Amino acid sequence: MTRAKVRFPWRLAAVLLALCGILATALATGAPVHGIALHGQPKYGPDFPHFDYVNPDAPQGGEARLAAIGSFDTFNPFNIQGQAAAGIGQLFESLMTNSADEPFSEYGLIAESVEIAEDRGSVIFNLRSEAKFHDGSPITADDVRFSFETLKTQGSPFFRFYYANVAAVEKLGERRVKFTFGAGDNRELPLIMGQMPILSKKYWEDREFGVTTLEPPVGSGPYRIERFEPGRFIVYQRDTDYWGKDLPVNRGLYNFGRLRYDYYRDVTVALEAFKAGTYDLRAENVAKHWATGYDFPALSRGLVKKETFANQLPSGMQGFVYNLRRPLFQDPRVRQALAYAFDFEWSNRNLFHDQYIRTRSFFDNSELAARGLPSPEERAILEPLREQLPPEVFTSVYEPPKAADSGQLRANMKQALQLLQEAGWVFRDRKLVNAETGAPFRFELLINEPTWERIGLPFARNLERLGIEMSVRTVDSAQYENRVRDFDFDMVVHVWGQSLSPGNEQREFWSSVAADQPGSRNLAGLKNPAIDRLVDLVIAAPDRASLVTRVQALDRALQWHFVVIPHWHIPYARIAYWDKFGYPSVIPLQGVQLNAWWIDPDKDAALVRRGRTSGQP
């Protein structure tokens, strides 16, 4: 008995090693596998029952009511026309789906298995025979090919940049499709194609794809549109015949029987509606609201909960974004100077209740952020690009200006004025003007939320001390989207979200080509061949270690281009909710997953007994 206990672990280890060898060989030879990772192997094996961060036995049903801001006028989220309805993405599914507890791994959804060439130069997806659209028609290779061609030619610029290196798509069978990639290293492409939303060719081939539409489209996801009123609300109903409800990747997810989104004019009105019981849950993005806006009876009685949920995601970059297409902002000394007039420390004390951390990196809160001076590995990447990069990339550590007190702010303003004078601006009649033309330094901050006025106006007052006139203009959401899409602005507030595995999306953020493409996310209009090269290197990273180093090099180069005045971030989500929900005990790497929550029938009934009021129509 003792001997058997000793030998058993060794036998088990041998079996596991053999299994690992089989899986490695399968991947090398392109044999079908259930999941793929950008680097290494996926966490979950072929027979996993469900993700670790869900409750597979969560009750299903009930209605969750959420809020949206502004309006909507289209059910097509894939082009740049109009404003898509909140939650519309839940109608559509992709070939594979991400897990939330890994940097970047995908598992079969519409695709039952995937085959990757040894050199990652192509990928084959084998579709599930049971996968179908809401009209009952099967999802086939024709739908996959149609989706790729339509999104790339008629979709938003995001798809053109994302799929730029796909050379060909082939139908190999009724449920078998192959993507072949162009020359160059791009390990991410098999996963990118796995993320592609699949459209119904039967539905879309007789309709114009590039326009707005309020005709409910045919999708294949867990929800369908039940009813809506344009600009006011939309209700989704869980599809009881959803073909994928028993898949391991879906167990414990999409538990709400109905999802309702009500639209509000702005976040302040939406907060008051939440307190009145009109909707159930809100992710709070305004620090003042979180600190002082929830002092109401339902919270003190325990009917409403406030919680924070930590994550390990890069914070991304939020900030005041310069439009470098404007001659006013083309000199980097000007862009650097204006950052000295933004007093984050004052804002954090007086507006944000000291809740925020100042952002300095485009990848803060992760190992991807550039820290200190360049490492030898970073220098090897950056050195060939030296002539096209600011010299500070090699010699200095970027830190946004700080002003702990009024004395330090005065010193900052002095530094700003010196930079502006070096760039050819002078004081005349208490105004800053161009030394050659006499034109005043004047520009507009364009916003679509009144809450930004309390941040923008103090910034404007500080700029006024430098002789600069910055007007703050608030427009409605439709006008804002149109102007930003056409790059018709001087400065806006924008967020570049980042993942744990940056890749092809960086082209749309920073590439020279994207700068000239209306609707792209290169809002700054940055054009620099060195940045283009660094983005290509990030995309081609062969392993995790090289990816981290290359992203750090890109981060460092972006910091010293001064395309943005950095704002702030927090490493957690702030969520307030009426106490009718349950959620899993495990919070994954990528943070709270609201699609894993459910409505607890007992809690829901208790809210009614305890006198919750509701303004639901």
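If we scan region 572-581, do we find a residue that is touching a Lys or Arg at 6+ places or on another chain (Cβ under 6 Å), part of a loop (DSSP other than H, G, I, E, B) and touching a residue at least 24 places away in the same chain (Cβ under 8 Å)? Yes, because at least one residue in region 572-581 is touching a Lys or Arg at 6+ places or on another chain (Cβ under 6 Å), part of a loop (DSSP other than H, G, I, E, B) and touching a residue at least 24 places away in the same chain (Cβ under 8 Å).
Kindly evaluate PHE274 against the criterion of being out of contact with any Cys (no Cβ under 9 Å at 6 or more places or on another chain), in contact (Cβ under 8 Å) with a residue 40 or more places away in the chain, of a type in the set (A, V, I, L, M, F, W, C) and in a strand (DSSP E or B).
Values: out of contact with any Cys (no Cβ under 9 Å at 6 or more places or on another chain): yes; in contact (Cβ under 8 Å) with a residue 40 or more places away in the chain: yes; of a type in the set (A, V, I, L, M, F, W, C): yes; in a strand (DSSP E or B): no.
In short, no.
Selection of region 371-395 for residues being assigned to a helix (DSSP H, G or I), under 21 Å from VAL564 (Cα atoms), touching a Leu at 6+ places or on another chain (Cβ under 8 Å) and not aromatic (Phe, Trp, Tyr) yields VAL393, THR395. Does PHE342 satisfy the condition of being surrounded by 20 or more Cβ atoms within 10 Å (Cβ to Cβ), in contact with a strand residue (DSSP E or B) (Cβ under 6 Å, 6 or more places away or on another chain) and within 15 Å of ASN462 (Cα to Cα)? Spelling it out, PHE342 is indeed surrounded by 20 or more Cβ atoms within 10 Å (Cβ to Cβ), in contact with a strand residue (DSSP E or B) (Cβ under 6 Å, 6 or more places away or on another chain) and within 15 Å of ASN462 (Cα to Cα). Entry remark, region 171-215: residues being free of Cβ contacts under 8 Å to residues at least 24 places away in the same chain and touching a Ser or Thr at 6+ places or on another chain (Cβ under 8 Å) number 1 in total. All but one of (1) surrounded by fewer than 19 Cβ atoms within 10 Å (Cβ to Cβ); (2) closer than 24 Å to ASN165 by Cβ; (3) modelled with pLDDT of 95 or more hold for LEU594; which doesn't? (2) is the only condition that LEU594 fails. Within region 536-585, restricting attention to residues that are under 24 Å from VAL304 (Cβ atoms) and of a type in the set (Val, Ile, Thr), the residue that is nearest to the chain's Cα centre (by Cα) is ILE570. Checked against (1) crowded, with 24+ Cβ neighbours inside 10 Å; (2) touching a Gly at 6+ places or on another chain (Cβ under 7 Å); (3) of a type in the set (Gly, Ala, Ser), ALA524 meets all criteria but (2). Residues in region 401-422 that are out of contact with any strand residue (DSSP E or B) (no Cβ under 7 Å at 6 or more places or on another chain), part of a helix (DSSP H, G or I) and not small (Gly, Ala, Ser): GLN408, LEU409, ARG410, ASN412, MET413, LYS414, GLN415, LEU417, GLN418, LEU419, GLN421, GLU422. On the stretch given as region 465-496, residues that are out of contact with any strand residue (DSSP E or B) (no Cβ under 9 Å at 6 or more places or on another chain), assigned to a loop (DSSP other than H, G, I, E, B) and touching a residue at least 60 places away in the same chain (Cβ under 8 Å) total 2. When restricted to residues that are in contact with a Lys or Arg (Cβ under 7 Å, 6 or more places away or on another chain) and within 28 Å of ILE468 (Cα to Cα), region 368-407 contains 3. Checked against (1) within 24 Å of the chain's Cα centre (by Cα); (2) part of a loop (DSSP other than H, G, I, E, B); (3) at pLDDT 95 or above, LEU259 passes all but a single condition, namely (2). The single condition among (1) at pLDDT below 95; (2) assigned to a loop (DSSP other than H, G, I, E, B) that TYR398 does not meet is (1).
Given region 128-216, what helices (runs of 4 or more DSSP H) lie entirely inside it while holding 2 or more residues that are over 30 Å from ARG544 (Cβ atoms) and over 27 Å from the mean Cα position of the chain (by Cα)? Break it down into steps so the answer makes sense when it comes.
On the way: elements: 141-154, 157-162, 189-194, 201-204.
Hits in region 128-216: 141-154, 201-204.
Kindly indicate whether TYR279 is buried (at least 18 other Cβ atoms within 10 Å of the Cβ), under 20 Å from ALA85 (Cα atoms) and under 21 Å from the mean Cα position of the chain (by Cα). No, not satisfied.
For region 167-186, which positions are under 26 Å from ARG533 (Cα atoms) and buried (at least 20 other Cβ atoms within 10 Å of the Cβ)?
Initially, region 167-186 is screened for residues under 26 Å from ARG533 (Cα atoms), giving 167-168, 179-186.
Once the filter is applied, which keeps residues that are under 26 Å from ARG533 (Cα atoms) and buried (at least 20 other Cβ atoms within 10 Å of the Cβ), region 167-186 yields PHE179, PHE181, ASN186.
For region 523-551, a residue qualifies if it is of a type outside the set (Ser, Thr, Tyr), in a helix (DSSP H, G or I) and in contact with a Ser or Thr (Cβ under 8 Å, 6 or more places away or on another chain), and the qualifying residues are PRO529, ILE531, ASP532, VAL535, LEU547. Here is the figure for region 282-315: residues that are among the aliphatic types (A, V, I, L, M), within 23 Å of ASN55 (Cα to Cα) and either touching a Ser or Thr at 6+ places or on another chain (Cβ under 9 Å) or buried (at least 19 other Cβ atoms within 10 Å of the Cβ) (or both) total 2. The set of residues in region 488-507 that are touching a Leu at 6+ places or on another chain (Cβ under 7 Å) and hydrophobic (A, V, I, L, M, F, W, C) comprises PHE489, MET491, VAL492, LEU500.
Per-residue answers, yes or no, for (1) within 30 Å of LEU368 (Cβ to Cβ); (2) in contact with a helix residue (DSSP H, G or I) (Cβ under 8 Å, 6 or more places away or on another chain); (3) hydroxyl-bearing (Ser, Thr, Tyr):
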| position | (1), (2), (3) |
| --- | --- |
| ALA270 | no, no, no |
| LYS275 | no, yes, no |
| ALA287 | yes, no, no |
| PHE296 | no, yes, no |
| ARG301 | no, no, no |
| GLU307 | yes, no, no |
| GLN318 | yes, no, no |
| VAL321 | yes, no, no |
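Only a single item in (1) modelled with pLDDT of 95 or more; (2) out of contact with any helix residue (DSSP H, G or I) (no Cβ under 8 Å at 6 or more places or on another chain); (3) not in a strand (DSSP E or B) is not met by TYR53, and it is number (2).
Taken as a whole, the condition of being free of Cβ contacts under 8 Å to residues at least 24 places away in the same chain and of a type in the set (Gly, Ala, Ser) does not apply to ALA117. Those residues that are acidic (Asp, Glu) and in contact with a helix residue (DSSP H, G or I) (Cβ under 9 Å, 6 or more places away or on another chain), I need them from region 332-387; list them, please. ASP343, GLU345, ASP354, GLU367, GLU377, GLU378, GLU383, GLU387 - these are the residues of region 332-387 that are acidic (Asp, Glu) and in contact with a helix residue (DSSP H, G or I) (Cβ under 9 Å, 6 or more places away or on another chain). Annotation for region 143-155: no member residue is at pLDDT below 95, of a type in the set (S, T, N, Q), closer than 24 Å to GLY221 by Cα and buried (at least 18 other Cβ atoms within 10 Å of the Cβ).
Here are some residues: ALA557, ALA576, ALA545. Which one is crowded, with 21+ Cβ neighbours inside 10 Å and more than 30 Å from PHE296 (Cβ to Cβ)? Before the answer, list the steps.
On the way: ALA576 fails: more than 30 Å from PHE296 (Cβ to Cβ); ALA545 fails: crowded, with 21+ Cβ neighbours inside 10 Å.
Among ALA557, ALA576, ALA545, only ALA557 is crowded, with 21+ Cβ neighbours inside 10 Å and more than 30 Å from PHE296 (Cβ to Cβ).
The values are calculated or read from the model by the stated rules, or taken from the named source; none is laboratory data. Please read these numbers as outputs of a predicted model, since none were measured by experiment. Virtual Cβ from ideal backbone geometry, glycine too; neighbours counted across all protein chains shown.
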